[in-house]
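Remarks on the structure that follows.
The values are calculated or read from the model by the stated rules, or taken from the named source; none is laboratory data. Keep in mind that what you see is a predicted model, and the values were worked out from it rather than measured. Counting neighbours? That spans all protein chains shown, and the Cβs are built from the backbone with ideal geometry, glycine included. For the accessible areas, the whole protein counts, side chains as well, though only heavy atoms, and no ligand, DNA or RNA atoms are used. Shrake-Rupley method; radii C 1.70, N 1.55, O 1.52, S 1.80 Å.
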Amino acid sequence: YIFCVSGDFVKVHSTATEECVHILQGHRNLVTGIQLNPKNHLQLYSCSFDGTIKLWDYIDGILIKTFTVGHKLHALFTLAFAEDSVFVIINKEKPDVFQLVSVKLPKSSSQEIEAKELSFVLDYINQSPKCIAFGNEGEYVAAVRDFYLSVYFFKKKTTSRFTLSSSKNKKHAKNNFTCVACHPKEDCIATGHKDGKIRLWRNFDDDKKYTYTCLHWHHDMVMDLAFSVTGTSLLSGGRESVLVEWRDATEKNKEFLPRLGATIEHISVSPAGDLFCTSHSDNKIIIIHRNLEASAVIQGLVKDSNIFTGLMIDPRTKALVLNGKPGHLQFYSLQHDKQLYNLDIIQQEYINDYGLIQIELTKAAFGCYGNWLATVEQRQEKETELELQMKLWMYNKKTQGFVLNTKINMPHEDHITALCFCNAEKFENPTLVTASKDGHFKVWILTDDSDIYKKAVGWTCDFVGSYHKYQATNCCFSEDGSLLAVSFEEIVTIWDSETWELKCTFCQRAGNIRHLCFGRLTCSKYLLGATENGILCCWNLLSCALEWSAKLTIRVMEPDPCSENIAAVSQSSAGSDLFVFKPSEPRPLYIQKNISREEVQWGVFVPRDVPESFTSEAYQWLNRSQFYFLTKSQSLLTFSTKSPEEKLTPTSQQLLAEESLPTTPFYFILGKHRQQQDKKINEALESELVQLPLTENIPAISELLHTPAHVLPSASFLCSKFVNSLLLSKETKSGEEILEDVDMEEEKESGDDSDEEHDFTENTQDANDTDLGEDIIHQLSKSEEKELRKFRKVDYSWITVL
Amino acid sequence: MGEFKVHRVRFFNYIPSGIRCVAYNNQSNRLAVSRTDGTVEIYNLSANYFQEKFFPGHESRATEALCWAKGQRLFSAGLNGEIIEYDLQALNIKYAMDAFGGPIWSMAVSPHGSQLLVGCEDGSVKLFQITPDKIQFERNFDRQKSRILSLGWHPSGTHVAAGSIDYISVFDVKSGSAVHKMLVDRQYMGVSKRKCIIWGVAFLSDGTVISVDSAGKVQFWDSATGTLVKNHLIANADVQSIAVSDQEDSFVVGTAEGTVFHFQLVSVTSNSSEKQWVRTKPFQHHTHDVRAVAHSPTALISGGTDTHLVIRPLMEKVEVKNYDAALRKITFPHRRLISCSKKRQLLLFQFTHHLELWRLGSTVATGKNGDTLPLSRDADHLLHLKTKGPENIICSCISPCGSWIAYSTTSRFFLYRLNYEHDNISLQRVSKMPAFLRSALQILFSEDSTKLFVASNQGSLHVIRLLEGSFKHLHTFQPQSGTVESMCLLAVSPDGNWLASSGTSAGVHVYNIKHLKLHCTVPSYNFPVTALAIAPNTNNLVIAHSDQQVFEYSIPDKQYTEWSRTIQKQGFHYLWLQRDTPITHISFHPKRPMHILLHDAYMFCIIDKSLPLPNDKTLLYNPLPPTKESDVIRRRTAHAFKISKIYKPLLFMDLLDERTLVAVERPLDDIIAQLPPPIKKKKFGT
């Protein structure tokens, strides 16, 4: 088994099948450390920020005991020789002062025990469990921080401290300690450093005669170190994404396991010694055999620093598609919270280093029911040196994967701003339109590219259109494919896709068009455009006139492929609001205020496999598809009408923005996971220890997640908030049924953490919205009178909805 | 402090020879270093690492092994098949004995110092008995198939390990038979190399044999069973040398990549007695092969092809963190290789096998302080004088008038007369040297170039009057009764009345030239003299010692001067005492009697005796006083030591006239550029 901490939970995975076997839940705050019970290998200790240490039977997933310590616990260590005590890191008064203390665990049969007997061991230590190691069966403990290595000998009760001078080397030597590991058999401490060196310390029981030797392979910070069970080899990992095995601790005798994909955050070794396991910054755990062969990968949703492509749905697999590993597209199954596969787009070795300008995968689009995939990659070193490449991939039924069909170098002179396929059935010929900053949009069609050697198809440019040298900012096909809308800065042009004639133009003079989409089904005569200046316009294509417009700063506008609905997320200083509406009516179907306090970057509708039937007017828009959105901090959130637990109360009318299955990996990306990883590396019993993202679909977590990440980037803060909210929502759940009440409660709870939270009551919410309405009216009064009436209507309707 | 026009000379194309062997003598704390040109140098580690003696090399004598025996006896062996013992008193070779085994590759003295073992090209290991004044062949060990490249005695003296090609043999000394033959793996990083050469072996008292070889391995063998115990692969190239400390708790190896690795015996756990050898720190002080290493109780000493001798103290063994704990790098000899004719502005450079005479360039331009002036006439290479025979030059000198050049090798003394006719120079050898003038350790011309002083290696000092085209022997000062100590430093007073001479250890003798008798002896001091000079007019003798002390001794008064007493009372500035290199030259300003000019390899200093001495709180190395500062402050902060570190490494500096200095530099980069290219190593990020 392998254990990993994920938020408040400890997950138990099978090392053989990668499946999550159990989830140990019960902590009310972030779990910071887990250790096997040295006396009973079927039991596991865990500690948490909530100040408790819990003992679990992980085979059955049962909580055995809870010890209440009282302090915030930052890490946990157990030792075989210290029968009845464990070691924890707590922090004293000042936020940056941490101490290692031993806690005596009283023997008692009761389930809840208070353990208040603390004895001080070491101070000036780092809170990260990577910076503490116990050596030689608990003879000593080594801790590192900054430039100090402190060794405390339990028998002699003395502390030795070794300092690396930071100024010794004037070449900006980054000597800082980053992690420490102790040899299991010998008196040898390995420390990792920021400059990539590993130092092996010996003779450290003598303040003068201590000596160390250096191993240097990493060029960047050593993230973690681990000795094999017998101590014959040392494992190290870092940003190079290479696991290095140093045999016999000699510089020349090393083995590598390269291309692990992302920075190695943690390394752990199974007690039996047959398996290693590394956890990575991209939400992945790799289980590695002793002979350095990766045997299993537990992969969550890959985190990437920049999601350029936005969220897409693969029409075939219904998987969510977005940037994954650098240069890859990931296909992620929302239903199973599992990565389906990675498609290597750039097909170049990724060099992981600071300051390198990488090729970025910027755009991607699916066409023809998933038969075609178009991708755009670019690399720009200097203003004038743009490297641009468009690739078209065909789905191969035999291999069940995408195969590169056409590669187009420099399809445009400047950045490609939009990419869309014509998905109408009547077009036998797949058509792709690209819009670029160079003022052109190009139409690409599939043509016969056969020669005497083979039959082939390829893409060629069919038409180049432009409009007064304006930059093309967006493009969009109507549902039937007959019309193509291309926006050129402030102007929207409509083109006939048969003849590529310019049909008409719309101009609102309200700033550049940021989003453009056609209405669907019954609303297909409408074209929607959102501008930078915060105006949402709806044009009637039949009358070629503006149907209505509204003052909304739209961040994301996504049409539902299964209905007429369009979801728009607007950004205001207070947070992001979601509006769902039909283009035909200026009256929104549904409004959810404050879905996220941070900027929503992308959204997508995911068609449901089985349509739901919500009778309530407010949820009808969710009948056929679910709306997922991605915030700036890369949390993936969705709307759900109910959470699994609440299915028991079918009448529940609650609408919660729920963090659903797939979201968890993201949430771990949010920063929590990273933190948890820091918190403690776990040990495993027969197999190993690890940390995994939490894939739990727990409704209670739900709404709280809106707030956490952006308010306080500090992970600890985030976690506590998260945990608090979790706790309270659970408690309130039984009683509260009504949306507003729940909202109120939750807001209050999270309000504890953050002053920024507003207390919404039913009344105030109404009032707020009224204010908002008035606000809009006020603003609109400045605009033309004609529109004013419409707006009033709109405002009114919103208020009524609320 | 006046301003000078400085000739910054960089055309002295001197390259020190690479270091081949080093041998450390624990009893006397001395280090013997042999170089590839056959020179053997003795460093006194107690005296601030001063190079106190040297034996000139010989073209045919490539030293391959060097060792101390019975405390003070130094032996070397080389590829000419001879074992040589050096006379450390007379600074010459006592005797050379052929071992009749072809070129000798290795040599080791038994732990008791009574037996000498040499390993020869033909695979024989020969045992010699060391008698008080000779060595005597005793017997051969079992002959091996190939050359014996390394030898190591067991501390009890019963067994010997010999490293050959591809295998190590262990001999029983009594029987002379090979007990074990340990085959070394030829594998080198998975590739089979042609041969695995055992460059070094060490025998520990517990029976462990440590070998270093050309495959980059350090291997531990059990000599009782002849089995490999542990293997450390430390380099991609040859590991060429090994030295074990006396306590056998650490050893050091040097590799062809220029890295020196330190191995230590550390206990496995703090409470168990089990110990293991662990590679600890690597030191990269060399750019080229480290051919030789030595392990003193407190330091690791390494030398190699890049000509540096590096002394790296072990921090944990140094009691106090004083300047002894600092790393030392010795590159240049601690003796003068350059002499200068002030009158004609000539420089004479001494190389191992030739002399070069250069005329300094001149300029008509003037400029501000710190300006580089354009040369109106470039420096001229006037003369290239090659020695006859295979022996290296010991010393050379040009007379102040520029018309005489003298140099000496181990067996011959040469004197030349130079005639200048406009730009043409003719050289005329003065023939018929007297028999007693066979070899000289130091040569000096008097200021008026009429007398030549020669310190011979028998301890005697010859005074010779130079006439136009001939010479006349005036007198020979015989050494003090009983001592055969050689004089290596000479100084003559500008008025020609006094001659000071100093030997390797004893005090300084001052002779009266007029009366040709010993005038007085300066009280002896613990540290060897590094430079001597007699001031004009006052006839004060200034003596610099290797511990960086400077004394001034009045010859007429036969006592130390007042200034010297003051500075001894107050003590030198601690930074002055911590300098690395000895003072190699002292000179005086003809117009400013209070100034003493001296220099070492890294700084040039003018001591102004009229100014107050610095104490430890004042800044010793003051930058050139900024002119903007008011004179008052400058005067208040001024002290006697004016130090300039602009020129380094400084091999020679002298005053040509009142306003002109000549400084000879030898940038280290130029030396490295002329060495064979080092082993290429991939450097990350390039």
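Here are a few things to note about the model shown:
- Those residues of the range B:371-399 which are part of a loop (DSSP other than H, G, I, E, B) and closer than 18 Å to B:ALA455 by Cβ, in sequence order: B:ASN392, B:ILE393, B:ILE394, B:SER399
- Residues that are open to solvent by 10 Å² or more (accessible area, probe 1.4 Å) and within 14 Å of chain B (Cβ to nearest Cβ) within the range A:213-226 comprise A:CYS214, A:HIS216, A:TRP217, A:HIS219, A:ASP220, listed in sequence order.
- With respect to the conditions (1) of a type outside the set (Lys, Arg); (2) at pLDDT below 80; (3) open to solvent by 10 Å² or more (accessible area, probe 1.4 Å), A:PHE9 falls short on a single one, namely (3).
- Hey, B:ASN271 part of a loop (DSSP other than H, G, I, E, B), surrounded by fewer than 23 Cβ atoms within 10 Å (Cβ to Cβ) and within 13 Å of chain A (Cβ to nearest Cβ) or not: yes
Conditions tested, residue by residue: (1) under 30 Å from the mean Cα position of the chain (by Cα); (2) away from chain A (no Cβ under 13 Å); (3) open to solvent by 40 Å² or more (accessible area, probe 1.4 Å).
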{"position": "B:ALA243", "(1), (2), (3)": "yes, yes, no"}
{"position": "B:PHE251", "(1), (2), (3)": "yes, yes, no"}
{"position": "B:GLN276", "(1), (2), (3)": "no, no, no"}
{"position": "B:THR287", "(1), (2), (3)": "yes, yes, yes"}
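- A Cβ distance below 9 Å, combined with a sequence gap of six or more or placement on separate chains, defines the contacts here; from the range A:129-147, residues that are within 12 Å of chain B (Cβ to nearest Cβ) reach residues that are buried (at least 20 other Cβ atoms within 10 Å of the Cβ) and small (Gly, Ala, Ser) in the pairs A:GLY135/A:ALA142; A:GLY135/A:ALA181.
- When each of B:ARG147, B:ARG143 is tested for being closer than 22 Å to B:GLY102 by Cβ and either in contact with a helix residue (DSSP H, G or I) (Cβ under 8 Å, 6 or more places away or on another chain) or crowded, with 19+ Cβ neighbours inside 10 Å (or both), the lone residue that passes is B:ARG147.
- Matching entry among A:ALA115, A:ALA16 (being in contact (Cβ under 8 Å) with a residue 40 or more places away in the chain, aliphatic (A, V, I, L, M) and open to solvent by 70 Å² or more (accessible area, probe 1.4 Å)): A:ALA16
- For the range A:227-249, a tally of residues being within 13 Å of chain B (Cβ to nearest Cβ) and under 27 Å from B:LYS217 (Cα atoms) returns 6.
- Residues in the range A:185-212 that are within 11 Å of chain B (Cβ to nearest Cβ), open to solvent by 40 Å² or more (accessible area, probe 1.4 Å) and more than 15 Å from A:ARG161 (Cα to Cα): A:LYS185 only.
- Extreme residue, modelled with the lowest pLDDT, among residues of the range B:412-468 that are surrounded by 15 or more Cβ atoms within 10 Å (Cβ to Cβ) and of a type in the set (Gly, Ala, Ser): B:GLY459
- Test result for A:VAL121, in contact (Cβ under 8 Å) with a residue 24 or more places away in the chain, within 14 Å of chain B (Cβ to nearest Cβ) and open to solvent by less than 40 Å² (accessible area, probe 1.4 Å): no
- Matching entry among A:VAL69, A:VAL31 (being at pLDDT 80 or above, β-branched (Val, Ile, Thr), over 32 Å from the mean Cα position of the chain (by Cα) and crowded, with 17+ Cβ neighbours inside 10 Å): A:VAL69
- In the range A:449-486, of all residues being more than 21 Å from A:CYS537 (Cβ to Cβ) and among the aliphatic types (A, V, I, L, M), the one that is surrounded by the fewest Cβ atoms within 10 Å (Cβ to Cβ) corresponds to A:ILE452.
- Residues in the range B:231-263 that are under 13 Å from B:VAL218 (Cα atoms) and modelled with pLDDT under 90: B:ASN231, B:HIS232, B:LEU233, B:ILE234, B:ALA235, B:ASN236, B:ALA237, B:ASP238.
- Of the set (1) at pLDDT 80 or above; (2) over 26 Å from B:LEU348 (Cβ atoms); (3) touching a strand residue (DSSP E or B) at 6+ places or on another chain (Cβ under 9 Å), all apply to B:TYR621 but (1).
- Check on B:THR131, open to solvent by 10 Å² or more (accessible area, probe 1.4 Å), within 20 Å of B:GLY207 (Cα to Cα) and of a type in the set (Ser, Thr, Tyr): no
- Residue within the range B:486-499 that is among the hydroxyl-bearing types (Ser, Thr, Tyr), crowded, with 16+ Cβ neighbours inside 10 Å and under 23 Å from the mean Cα position of the chain (by Cα) present: yes
- Checked against (1) under 25 Å from the mean Cα position of the chain (by Cα); (2) touching a residue at least 24 places away in the same chain (Cβ under 8 Å); (3) open to solvent by 60 Å² or more (accessible area, probe 1.4 Å), A:ASN423 meets all criteria but (1).
- Taking every residue in the range A:459-474 that is in contact (Cβ under 8 Å) with a residue 12 or more places away in the chain and polar (S, T, N, Q) and pairing it with any residue that is open to solvent by 30 Å² or more (accessible area, probe 1.4 Å) and not in a strand (DSSP E or B), at least 6 positions away or on another chain, the pairs with Cβ-Cβ distances below 6 Å are A:GLN471/A:LYS437; A:GLN471/A:GLU489; A:THR473/A:ASN512.
- If you check A:SER160, A:SER109 for being more than 39 Å from the chain's Cα centre (by Cα) and within 14 Å of chain B (Cβ to nearest Cβ), only one passes: A:SER160.
- Considering residues of the range B:77-125 that are within 26 Å of the chain's Cα centre (by Cα) and acidic (Asp, Glu) only, the residue modelled with the lowest pLDDT: B:ASP87
- Qualifying residue in the range A:250-272 (condition: at positive phi, within 14 Å of chain B (Cβ to nearest Cβ) and in contact (Cβ under 8 Å) with a residue 24 or more places away in the chain): no
- Selection of strands (runs of 3 or more DSSP E) fully inside the range A:534-637 by the criterion of at least 2 residues being at pLDDT below 80 returns A:566-572, A:575-581, A:588-596, A:600-607, A:625-631.
Residue by residue, here is whether (1) more than 27 Å from the chain's Cα centre (by Cα); (2) closer than 26 Å to A:GLU489 by Cβ; (3) open to solvent by 50 Å² or more (accessible area, probe 1.4 Å) holds:
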| position | (1), (2), (3) |
| --- | --- |
| A:GLY534 | yes, yes, no |
| A:SER549 | yes, yes, no |
| A:LEU552 | yes, yes, no |
| A:PRO561 | no, no, yes |
| A:VAL569 | no, yes, no |
| A:ALA574 | no, no, no |
| A:ARG587 | yes, no, yes |
| A:GLY603 | no, yes, no |
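- Check on B:PHE261, touching a Lys or Arg at 6+ places or on another chain (Cβ under 9 Å) and either away from every other protein chain (no Cβ under 14 Å) or assigned to a strand (DSSP E or B) (or both): yes
- Flag for B:PHE141 being in contact (Cβ under 8 Å) with a residue 12 or more places away in the chain, among the aromatic types (Phe, Trp, Tyr) and under 20 Å from B:GLY254 (Cβ atoms): no
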